[in-house]
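Colleague: Handing you this structure, nothing more for now.
The values are calculated or read from the model by the stated rules, or taken from the named source; none is laboratory data. Just so it is clear, the model here is predicted, and its values are computed rather than measured. Positions of Cβ are generated from backbone atoms using ideal geometry, with glycine treated the same way; all protein chains shown enter the neighbour counts.
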Amino acid sequence: MTNTATLNWSLWVTCPRCGEGNDLSDDDDEHLLATKIFSNKWDEAKGHECTCSECGHEFVLDGGIEY
């Protein structure tokens with residue numbers, strides 16, 4: 001019998017326009033954020049461009065990531 005582990009991750013940010021929570025991992029198809037998170041380079045996520053899934057507002061991460 002083989003035991004396999006599964007890693008599920010999320011990175012939540014609140015839209016500055018509508019206040020809706022957005023999971024940035026949902027749109028990380030090119031693994032840009034995942035690479036920064038799992039390489040312990042969290043500060044490099046600053047400046048990441050985001051689009052709110054609720055209202056479509058585009059904004060930039062201007063703060064760090066809190067764990």
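Colleague: When residue 64 is evaluated against the numbered criteria (1) in contact with an Asp or Glu (Cβ under 7 Å, 6 or more places away or on another chain); (2) surrounded by 13 or more Cβ atoms within 10 Å (Cβ to Cβ), which criterion, by number, is the only one it fails?
Modeller: Result: residue 64 fails condition (2) only.
Colleague: All but one of (1) loosely packed, with under 14 Cβ neighbours inside 10 Å; (2) modelled with pLDDT of 95 or more; (3) more than 21 Å from residue 8 (Cα to Cα) hold for residue 59, so report the exception by its number.
Modeller: Of the numbered conditions (1) loosely packed, with under 14 Cβ neighbours inside 10 Å; (2) modelled with pLDDT of 95 or more; (3) more than 21 Å from residue 8 (Cα to Cα), the odd one out for residue 59 is (1).
Colleague: Would you tally the residues in region 1-17 being over 10 Å from the mean Cα position of the chain (by Cα) and either loosely packed, with under 13 Cβ neighbours inside 10 Å or closer than 20 Å to residue 66 by Cβ (or both)?
Modeller: The number of residues fulfilling the criteria is 11.
Colleague: Moving to a separate point now. In region 1-46, what count of residues is obtained for those that are at pLDDT below 95 and touching a strand residue (DSSP E or B) at 6+ places or on another chain (Cβ under 7 Å)?
Modeller: So the answer is 0.
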